[in-house]
Amino acid sequence: MDSILVRGGQRLTGRIPISGAKNACLALMPAALLTEEPLTLTNAPRLSDIRTMAQLLESLGCEVASLQAGRVLVMGAEGISNHVADYDIVRKMRASILVLGPMLARDGHAVVSLPGGCAIGARPVDLHLMGLERLGATLDLRDGYVHASAPNGLRGGLVEFPMVSVGATENLLMAATLAKGTTVLRNAAREPEIADLARCLRAMGAQIEGEGTETIEIEGVDRLHGATHPVVADRIELGTYMLAPALAGGEVEMVGGRRELVAAFADKLEAAGIEVEDTADGVKVSRQNGGIAAVDVETAPFPGFPTDLQAQMMALLTLADGVSRLEERIFENRFMHAPELIRMGAHIEVHGGVATVTGVERLRGAPVMATDLRASVSLILAGLAAEGETRVARVYHLDRGYERLEDKLSACGAQIERVSERAA
Ligand code: EPU
């Protein structure tokens, strides 16, 4: 197993290209199951989660071709030859549940393994299932699998989500495109990934209005056709790299990023004393000699502060002047990075969903590890600012969501490298 070795203390200068969004791509790929014509995604990120989704689609009989070294994905589901999404793939990646809506909408039946919990929380899929039932599906939970059927096809309906769910909104949005009649999704997620999916589905012939707002209306059509769609920029990768010069000092331009994708986060960065500037090509972040001010953060669905940037923001606030309060309101167990940051010298107290961070003058490098993607990258960010060496183990978490992380950071002057365990 590889680790990442960071030697802290280098100021960063340069440009970092922002890749296509993992979480948008993971929702766009299953849309290929809605049509017998090919769906082409450009600006796809090269990540292990994307390869896992490709494997899942292939297991269902969808052809997936990866062109231009993985930048372009062409998916063709002339027919779905297997309607069972197996536990062995679904357990690796929760986004696998997103094949349920499309398969059911196209062929009237699907069997998908229940994903189970994960490191950041229980993460049930009850909202996905409730929504599909509203569209007329019959569901049966047996042997760890959801057996879904709608022999006469899905029919449009009103789906009111009791809480905002990105995945459930995506599943229902896809399913409703081929349902008979009108579907209204209330309290829908407003994340940019939802808007991106709606744009792609529209290019495939779907009739959708209201994406990006709380109410999405979908008028079902008889069939969808192929399309070519560019994946939106990854707002979480953007926010993560915006924190690199904020922690290490220096000035870095995130090319292809846009402030509106991370507005709530960018506002907090500025409140912490970090300069954020729009440029012709993206967003530039700098911290010269100024300190970091303490700020309070509460995670919330978009347009609020993203839970997927909470760990990385905590890394910054460990070095702030004063006490910051971070409240995690989306996932119940998303502070696994706190004990590891404490090993690097941070002062953090966690009580339930609230972490209180008292800034310290410096962090010290240490061997650390984390059990999820965003927690892992927060330790890399902390390592950029720490004295000495930080070794982050379990790099496979990072490879799920950050493409060429060490190349992108070392191009800006960071001392960071991947080492194999044996050499380590
Ligand atoms: N929830 C339910 N029932 C459901 C669905 C969700 O109770 O049927 C709960 C979840 O347990 C959670 C909350 O609702 O407490 C929000 O979950 P949501 O469904 O919005 O999350 P998701 O679709 O499973 C996506 C991202 C996550 C990101 C969340 C929140 C993908 C593939 N994943 O997950 O990304 O944290 O939205 O923004 O899009 C990551 O990239 O590191 C990551 C975890």
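The values are calculated or read from the model by the stated rules, or taken from the named source; none is laboratory data. Since the structure is predicted, the reported quantities are computational estimates derived from the model, not experimental observations. Note: ideal-geometry Cβ built from the backbone for every residue, glycine included; neighbour counts use all protein chains shown. Only protein heavy atoms, including side chains, enter the accessible area calculation; ligands, DNA and RNA are left aside. Shrake-Rupley method; radii C 1.70, N 1.55, O 1.52, S 1.80 Å.
The residues of the stretch 112-230 present an accessible area of 41 Å² per residue when probed at 1.4 Å with all protein chains retained.
In order along the stretch 97-108, phi translates into HN-Hα couplings of 4, 6, 7, 5, x, x, 5, 5, 5, 7, 10, x Hz, rounded to whole numbers, per the Karplus curve 6.51 cos²θ - 1.76 cosθ + 1.60 with θ = phi - 60° and x for Gly and Pro.
Element breakdown for the chain at a 1.4 angstrom probe: carbon and sulfur atoms account for 47% of the accessible area.
Between residue 298 and residue 91, 0.36 nm times their residue separation minus their Cα-Cα distance comes to what?
Numbers: separation 207, 0.36 × 207 = 74.52 nm, distance 2.93 nm.
Gain on stretching residue 298 to residue 91: 71.6 nm.
Rolling a 1.4 Å probe over the heavy atoms of the protein chains gives the stretch 292-424 an accessible area of 39 Å² per residue. For the stretch 170-326, the average shadow cast by the Cα convex hull is 9.8 nm², which is a quarter of the hull's surface. Listed by chain and number, the aspartates and glutamates whose alpha-carbon sits under 15 Å from that of residue 180, ignoring those within fewer than 8 places in the same chain, are 107, 133, 217, 219, 222.
Cα extents for the chain along the principal axes, largest to smallest and rounded to whole angstrom: 65, 46, 40.
Three semi-axes describe the equivalent ellipsoid of the stretch 1-120; taken as square roots of 5 times the Cα gyration tensor eigenvalues and ordered largest first, they are 31, 19, 11 Å.
Rounded to the nearest 0.05, what FRET efficiency do residue 222 and residue 58 give with R0 = 35 Å and r taken as the Cβ-Cβ distance? Could you check? With R0 = 35 Å, the Cβ-Cβ based efficiency is 0.85.
Using the Cα gyration tensor of the stretch 284-343, with a ≥ b ≥ c the square roots of its eigenvalues, what is the shape: rounded (a/c below 1.5), prolate (a/b larger than b/c) or oblate (neither)? Here the stretch 284-343 falls in the oblate category.
Each residue of the stretch 361-372 was assigned a 3J(HN,Hα) from its phi angle through the Karplus expression (A = 6.51, B = -1.76, C = 1.60, θ = phi - 60°), giving 6, 8, 9, 10, x, 7, x, 9, 7, 9, 10, 8 Hz with x at Gly and Pro. Counting only Cα atoms, the size of the stretch 48-193 along its three principal axes is 42, 36, 35 Å, in decreasing order.
Report the charge-dipole magnitude of the stretch 315-396 in Debye, nearest 20, computed about the Cα centre from +1 at each Lys and Arg Cβ and -1 at each Asp and Glu Cβ. Could the numbers behind the result be given before it?
Values: 9 positive and 10 negative charges, 37 e Å.
Rounded to the nearest 20 debye, it is 180 debye.
Multiplying the residue separation of residue 109 and residue 279 by 0.36 nm and removing their Cα-Cα distance gives an extension gain of 56.4 nm.
Points 7 angstrom from Cα along the Cβ direction at residue 267 and residue 72: gap in nanometres? In this crude label model, residue 267 to residue 72 measures out at 4.0 nm.
Can you tell me how much longer the chain between residue 81 and residue 133 gets when fully stretched, taken as 0.36 nm per residue apart minus their C-alpha distance, in nm with one decimal? Kindly include the intermediate steps, with their values, before the conclusion.
On the way: separation 52, 0.36 × 52 = 18.72 nm, distance 2.40 nm.
Length difference between fully extended and current span is 16.3 nm.
A cut-off of 5 Å between modelled amide H atoms, ignoring neighbours fewer than 5 places along the same chain, links residue 302 with 190, 191. Taking label positions 7 Å along the Cα-Cβ direction at both residue 350 and residue 122, the computed distance is 1.8 nm, reported to one decimal. Applied to the stretch 187-202, the Karplus parametrisation 6.51 cos²θ - 1.76 cosθ + 1.60 on θ = phi - 60° returns per-residue 3J(HN,Hα) values of 6, 6, 5, 10, 4, x, 5, 5, 4, 5, 4, 4, 4, 5, 4, 5 Hz, with x for Gly and Pro. The simple spin-label model puts a point 7 Å past each Cα toward its Cβ; for residue 362 and residue 215 those points are separated by 5.8 nm. Taking the Cα centre of the chain as reference, the dipole from Cβ charges on Lys and Arg (+1) and Asp and Glu (-1) amounts to some 600 debye.
Summarise the long-distance tail of P(r) for the stretch 278-424 by giving the % of C-alpha pairs beyond 20 Å. Each step should come with its number before you reach the end.
On the way: 5273 of 10731 pairs.
Of the Cα pairs, 49 percent sit more than 20 Å apart.
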